[in-house]
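Below is one structure, written out as structure tokens; comments come after it.
The values are calculated or read from the model by the stated rules, or taken from the named source; none is laboratory data. It should be emphasised that the depicted structure is a prediction, and the values quoted were computed from it without experimental measurement. Neighbour counts run over all protein chains shown; Cβ positions are idealised from the backbone, glycine included. All accessible areas refer to the heavy atoms of the entire protein, side chains included, with ligands and DNA or RNA removed. Shrake-Rupley method; radii C 1.70, N 1.55, O 1.52, S 1.80 Å.
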Amino acid sequence: MGLVAQIRDTALAALPADRKTEFEQYLTPESVASQAVSLFTPTPFPVRILDFGAGTGILGAETAIYSPSGSSVTAVELDRQLAALAGQTLDHVGVEHEVLCEDALSVTLDPVFDRVILNPPYKKIAPVSLATESGYVPVSNLYTAFLVCAISALKPGGECVAIIPRSWMNGEYFAAFRTWLFGVCSIDVMAVYGSRQDHFRDSNVLQEIMLLKLSKRAQGSLVMVYDGISPSDDLQTVEHVEASLNDLLVGGSRILRVRRQSSRLAGLPTLAESGLWVSTGKLVWFRNRDILLSEPEEDSLPLYWSDNTAQLEAEHPVSGSRREQWVSNNAYERHVVLPVGSYCLVNRFSSKEQRHRVMPSLLTSTVPFVADNKLNYVHQGTSRNTIPLDTELAAGLTLWLASSLVDDWYRQVSGSTQVNATDLRELPTPSKKTLTRIAQKLPLNAKPSQENIDHVISQILEENS
Ligand SMILES: C[S@@+](CC[C@H](N)C(=O)[O-])C[C@H]1O[C@@H](n2cnc3c(N)ncnc32)[C@H](O)[C@@H]1O
């Protein structure tokens with residue numbers, strides 16, 4: 001092991017736990033640092049390198065080692081002790097450098113850098129809008145804030161490699177950030193780690209992490225995409241695909257996927273375009289404890305939680321459930337009641353162990369009812385107006401959402417275990433007529449197996465193609 005890695009390993013072992021957590025000092029292991037640096041385009045000319053949130057300077061140092069002599073490094077690090085170690089690391093490498101012991105989000109940097117490399121802190125922050133040359137960009141966590149500042153410090157044609165979570169790629173939350181990013185940079189490489197633990201084994205970081213390489217120029221014709229890499233992979237030789245950015249983007253909120261759309265889904269409209277809408281259950285239980293009931297009363301209404309939707313057909317009441325299965329009719333005053341009819345309920349949260357991320361369940365209710373806020377429900381109205389589905393349509397949609405095809409799609413769109421309404425609205429979905437036909441071919445009360453579901457869906461898609 002070289003001295004650069006040794007300084008990093010010794011520092012990591014000695015970091016006070018409270019500071020480590022507060023400033024997210026999860027230092028990059030050497031293997032991940034080399035992979036990140038290997039993404040920069042080789043150049044015969046000296047480069048100006050920025051290491052942003054530098055820690056012990058491992059990323060700046062590795063970048064300098066692979067750059068022509070005459071290159072220089074600027075390291076920005078808030079923590080005084082780490083900043084001193086970054087100085088030692090860069091001294092050892094023998095590269096011209098300056099270490100700025102400052103807050104990366106307020107330091108003034110001119111756009112003069114050819115290479116920016118960062119493994120920033122990831123924490124959520126109160127939403128703010130950052131001013132950039134290309135307008136304001138809203139951010140709500142440190143990693144997107146660091147990335148915005150890092151890109152702003154690049155000179156035209158310069159390249160940035162970031163080690164960040166993949167959560168920015170989907171969800172409404174990051175939609176404005178994505179739009180800004182696609183406007184100012186070319187997305188050149190996306191490499192997503194396969195395991196949540198491999199990459200920062202000695203820091204216990206349990207996030208879906210990726211390497212993102214960008215350059216400050218118009219979008220290149222192809223993006224290189226690696227799905228499921230491990231820190232020991234050589235990115236020059238490991239399997240990857242090349243796709244145009246447009247083939248990786250989905251829908252109006254421009255979700256970015258790590259694979260091209262399966263050909264079986266190509267050409268299908270999105271769920272929203274098919275005239276369906278996903279809303280989130282309206283009852284936040286802890287703000288409405290006073291109306292929860294363990295036993296039904298006169299005029300009480302059924303309450304559905306994720307426990308009630310464990311099967312393809314919702315069950316009510318769930319015997320032995322610890323959760324109250326009814327609410328009093330005060331629920332009407334709280335505006336949480338949904339009208340009689342059929343719906344497809346979908347979990348908003350799943351666990352890593354669950355076989356499927358998306359777990360749908362048909363609900364046909366003959367009485368008005370209430371859905372807990374941890375459930376989504378699909379209907380054919382709008383965000384303001386709930387219109388239930390025909391029962392066969394709801395059953396067909398339930399089968400569609402239970403298919404392996406949909407589960408694969410969702411996993412490629414989202415690295416997290418949450419299932420959010422915005423992403424579901426972008427899901428390729430057959431027409432209402434086709435969904436109804438799926439239900440007619442495969443009655444839900446016959447409790448179809450996964451194989452049955454996948455088989456019938458593939459038959460119907462083939463007939464339609
Ligand atoms: C995830 S660590 C990565 C460190 C180093 N880049 C590496 O890869 O090993 C994030 C670093 O950012 C530093 N940091 C956190 N907030 C900062 C801020 N506002 N300005 C500058 N550095 C900051 C932390 O002290 C920590 O060293």
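Annotated for the chain: lysine pairs at least 8 residues apart or interchain, Cα distance under 24 Å, count 16.
Net charge of the neighbourhood of L271, taken over other residues with C-beta under 14 Å away and scored Lys/Arg +1, Asp/Glu -1, is -1.
When a 1.4 Å probe is rolled over the protein heavy atoms, the share of accessible surface on the chain that falls to carbon and sulfur comes to 49 percent. A 1.4 Å probe run over the protein chains yields, for region 344-465, 41 Å² of accessible area per residue, whole-number rounding. Any chance you could run the full-extension gain for S449 through R323? It's 0.36 nm times the residue separation minus the Cα-Cα distance, nm to one decimal. Computed gain between S449 and R323 is 42.5 nm. Under the shape rule built on the C-alpha gyration tensor, where the axes satisfy a ≥ b ≥ c, region 3-256 is rounded, since a/c falls short of 1.5.
Report the local net charge at W285: Lys and Arg +1, Asp and Glu -1, summed over other residues whose C-beta lies under 15 Å from its C-beta. Neighbour charge sum, excluding W285 itself: +4.
Once you order the gyration tensor axes a ≥ b ≥ c over the Cα atoms, which shape class does region 359-443 get: rounded for a/c under 1.5, otherwise prolate or oblate by comparing a/b with b/c? Oblate is the answer for region 359-443, as a/c is 1.5 or above yet b/c matches or exceeds a/b.
Among 176-184, 228-236, 359-367, 399-407, how do they line up from the highest to the lowest mean number of other beta-carbon atoms within 10 Å? Mind showing how you got there, number by number?
Values: 176-184: 17.0, 228-236: 14.3, 359-367: 19.3, 399-407: 21.8.
Per-residue Cβ counts within 10 Å, averaged per peptide and sorted highest first, yield 399-407, 359-367, 176-184, 228-236.
Which percentage, to the nearest 5, of the DSSP beta bridges contained in the chain is antiparallel? About 65 percent, rounded to the nearest 5. What the Kirkwood sum gives for the chain is a hydrodynamic radius of 24.3 Å, with every pair of different alpha carbons counted. Within the shell of other residues whose beta carbon sits under 9 angstrom from the beta carbon of E30, the net charge comes to -1, with Lys and Arg scored +1 and Asp and Glu -1.
When +1 charges are put on Lys and Arg Cβ atoms and -1 charges on Asp and Glu Cβ atoms, the dipole computed for region 3-256 relative to its Cα centre reaches about 500 debye. Only helical runs count toward this figure. For the chain, summing -39,500 (n - 2.57) over DSSP H runs of n ≥ 4 and dividing by all residues gives -7500 deg cm²/dmol at 222 nm. Classify region 277-460: rounded, prolate or oblate, from the alpha-carbon gyration tensor (a ≥ b ≥ c, eigenvalue square roots; a/c under 1.5 rounded; otherwise prolate if a/b is larger than b/c)? In terms of gyration-tensor shape, prolate. Ordering 148-157, 347-356 by mean Cβ neighbour count within 10 Å, with the highest value first, yields 148-157, 347-356. Each DSSP beta bridge with both residues in region 277-460 is either parallel or antiparallel, and the antiparallel ones are about 85%.
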